[in-house]
Amino acid sequence: MSNVNLDWSNLSFGYIKTAKRFVANFKNGAWDNGALTDDDKVVISECAGVLQYAQTCFEGLKAYTTQDGKIVTFRPDLNGERMENSCRRLEMPVFPKERFIQAVLDVVKANIDYVPPYGTGATLYIRPYMFGSSPVIGVKPADEYQFRILVTPVGPYFKGGVKPITVRLSDLDRAAPHGTGDIKAGLNYAMSLYNIVDAHKCGFAENMYTDPATHTYIEETGGANILFVTKDGKLVTPKSDSILPSITRRSLLTVAKDYCGMEVEERKINKNELADFVECGLCGTAAVISPIGKINDHGKEIVYNDGKDEMGPVMAKLYDTLTGIQMGRLEAPKGWIYEIK
């Protein structure tokens with residue numbers, strides 16, 4: 001029984017300070033052993049590389065209480081691999097995947113009282129991140145870095161249940177051709193903020209981006225990969241070198257094929273095909289699947305799931321299956337679930 005007094009069923013999707021966080025420092029060419037700490041404050045130079053040249057990357061995953069009372073996390077090895085790739089591309093020292101996984105397990109265990117109970121709809125959000133911490137005035141990589149993991153209990157991404165959202169086809173780009181769109185760099189999200197604020201002002205939940213080179217092929221939104229369902233029940237997702245390789249998307253493709261018996265396809269999707277699909281959704285760690293009810297293409301509306309105010313049947317099946325695996329209601333593929341003991 002948790003010693004933390006929180007209204008688990010009414011948590012927002014926001015930050016709550018917890019007991020412990022993990023911190024490791026890179027100095028003189030090597031990582032130290034790292035440690036758990038009570039201190040939630042980050043102290044760095046005013047000229048730190050992260051503040052001057054945005055040298056930072058991050059990850060996001062969750063810990064859950066399963067149906068049988070176990071505390072687990074979902075595929076942290078893939079988050080560790082993705083962070084290794086982000087670090088290499090940003091000329092940051094790699095924090096090894098094995099140490100990443102262990103640090104995730106340790107920080108969840110240290111905050112076990114903050115893992116929400118099963119059935120509340122809440123989870124423990126895990127945020128690993130790294131940044132250049134030493135002073136940098138010339139344009140170059142920092143010499144020192146800090147890797148940290150914070151955790152915070154969060155409520156469902158959608159309060160009041162999942163409802164279809166309306167997105168717009170954007171004329172702006174979220175990534176450059178041959179740029180950083182396929183890594184989880186903070187700068188990718190910074191450059192999307194103007195466009196998402198404008199989308200909200202215009203009554204849209206998100207921006208759907210096309211490829212930055214030709215503006216012809218569908219890519220992703222500012223913070224999620226995209227899924228489509230064809231009239232004959234095939235799951236199709238965009239393929240591009242400038243899309244972030246979502247762990248949720250990769251898991252859903254396996255779920256669709258191996259659990260739901262669906263045909264799956266990763267390929268380029270021309271924006272002219274949008275009206276040919278019957279369901280559409282966004283996928284990511286926070287919400288798992290967010291159904292798209294409408295895409296606004298410069299005033300022309302493309303409607304999915306016959307305009308119903310609910311998740312389409314295929315997306316609902318995929319959502320229920322993946323969350324069933326995460327919550328222990330369904331048997332998981334080997335290696336997907338890591339138990340905190």
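Descriptive notes on the structure:
- Odd one out for F147, checked against (1) more than 30 Å from Y319 (Cβ to Cβ); (2) under 15 Å from the mean Cα position of the chain (by Cα); (3) among the hydrophobic types (A, V, I, L, M, F, W, C): (2)
- First in the stretch 222-245 and touching a residue at least 40 places away in the same chain (Cβ under 8 Å), second anywhere and surrounded by fewer than 15 Cβ atoms within 10 Å (Cβ to Cβ), Cβ under 6 Å, 6 or more apart: V236/E265
- Subset tally (residues that are among the small types (G, A, S) and part of a strand (DSSP E or B)) for the stretch 117-165: 1
- Unique match (being touching a Leu at 6+ places or on another chain (Cβ under 7 Å) and of a type in the set (S, T, N, Q)) among N195, N188: N195
- From the list K20, K27, the lone residue that is under 24 Å from Y118 (Cα atoms), open to solvent by 20 Å² or more (accessible area, probe 1.4 Å) and at pLDDT 95 or above is K20.
- Filter result for S86 (buried (at least 22 other Cβ atoms within 10 Å of the Cβ) and of a type outside the set (A, V, I, L, M, F, W, C)): yes
- Segments classed as helices (runs of 4 or more DSSP H), wholly inside the stretch 166-264, with at least 2 members that are modelled with pLDDT of 95 or more, open to solvent by less than 20 Å² (accessible area, probe 1.4 Å) and hydrophobic (A, V, I, L, M, F, W, C): 247-254
- Residue within the stretch 35-43 that is surrounded by 17 or more Cβ atoms within 10 Å (Cβ to Cβ) and either touching a residue at least 24 places away in the same chain (Cβ under 8 Å) or part of a loop (DSSP other than H, G, I, E, B) (or both) present: no
- Scanning the stretch 299-320 for residues that are part of a loop (DSSP other than H, G, I, E, B) and open to solvent by less than 90 Å² (accessible area, probe 1.4 Å) returns G299, Y304, M311, G312.
- Residues of the stretch 46-62 classified as touching a Phe, Trp or Tyr at 6+ places or on another chain (Cβ under 8 Å) and either open to solvent by less than 10 Å² (accessible area, probe 1.4 Å) or part of a helix (DSSP H, G or I) (or both), total: 7
- Given (1) open to solvent by 20 Å² or more (accessible area, probe 1.4 Å); (2) touching a strand residue (DSSP E or B) at 6+ places or on another chain (Cβ under 8 Å), number of the condition R329 does not satisfy: (2)
- Residue within the stretch 79-90 that is aliphatic (A, V, I, L, M), part of a loop (DSSP other than H, G, I, E, B) and within 30 Å of P135 (Cα to Cα) present: yes
- Per-region count, the stretch 265-298, residues open to solvent by 50 Å² or more (accessible area, probe 1.4 Å) and either in contact (Cβ under 8 Å) with a residue 24 or more places away in the chain or under 28 Å from E59 (Cβ atoms) (or both): 10
- Among the conditions (1) over 23 Å from the mean Cα position of the chain (by Cα); (2) open to solvent by 40 Å² or more (accessible area, probe 1.4 Å); (3) at pLDDT 95 or above, N3 misses just one, which is (3).
- Exclusive hit being open to solvent by 20 Å² or more (accessible area, probe 1.4 Å), closer than 29 Å to A48 by Cα and over 19 Å from the mean Cα position of the chain (by Cα), set I137, I71, I101: I137
- Every pair of residues 6+ apart whose Cβ atoms lie under 8 Å, when the first sits in the stretch 1-22 and is over 8 Å from G155 (Cα atoms) while the second is among the basic types (K, R): R21/R148; F22/R148
The values are calculated or read from the model by the stated rules, or taken from the named source; none is laboratory data. Given the structure is predicted, the values throughout are model-derived calculations rather than measurements. Neighbour counts run over all protein chains shown; Cβ positions are idealised from the backbone, glycine included. To get the accessible areas, we keep the full protein, side chains included, count just its heavy atoms, and leave off ligands, DNA and RNA. Shrake-Rupley method; radii C 1.70, N 1.55, O 1.52, S 1.80 Å.
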